[in-house]
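Just below is one structure, and these are the notes that go with it.
Throughout, read-outs are computed from the coordinates displayed, never taken from laboratory work. Owing to the predicted nature of the structure, the values given are computational and were not obtained by experimental measurement.
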Amino acid sequence: MRKLFPFVLCGAFLAVPAISGCDRTVSKETETVKSTDGTSKTTEKKVTEQPDGTLKETTTEKKVEK
């Protein structure tokens, strides 16, 4: 029984991603705008395809002040 436990444990870790699936990145765009006062704004647009075939668009904005 103790000799089989590591194999069962490894099998469980390998089966979880196969069952749940993962998102596939279709496109990714990054735009950075710097202003004269030293701040910068980064906008990232990402489109992913989910395991069921639907597309999901995500927009992330980051603002860095100097």
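Cross-link partners among lysines for Lys28, C-alpha distance below 23 Å, same-chain residues fewer than 8 apart left out? Candidates past the 8-residue exclusion: Lys41, Lys45, Lys46, Lys56, Lys62, Lys63. Across the stretch 23-66, the convex hull enclosing all Cα atoms gives 48 Å³ per residue.
Each residue of the stretch 28-35 was assigned a 3J(HN,Hα) from its phi angle through the Karplus expression (A = 6.51, B = -1.76, C = 1.60, θ = phi - 60°), giving 8, 10, 10, 10, 10, 10, 10, 9 Hz with x at Gly and Pro. Taken one residue at a time, the phi angles of the stretch 52-59 give Karplus couplings (6.51, -1.76, 1.60, θ = phi - 60°) of 7, x, 7, 9, 10, 9, 10, 10 Hz. Gly and Pro are set to x.
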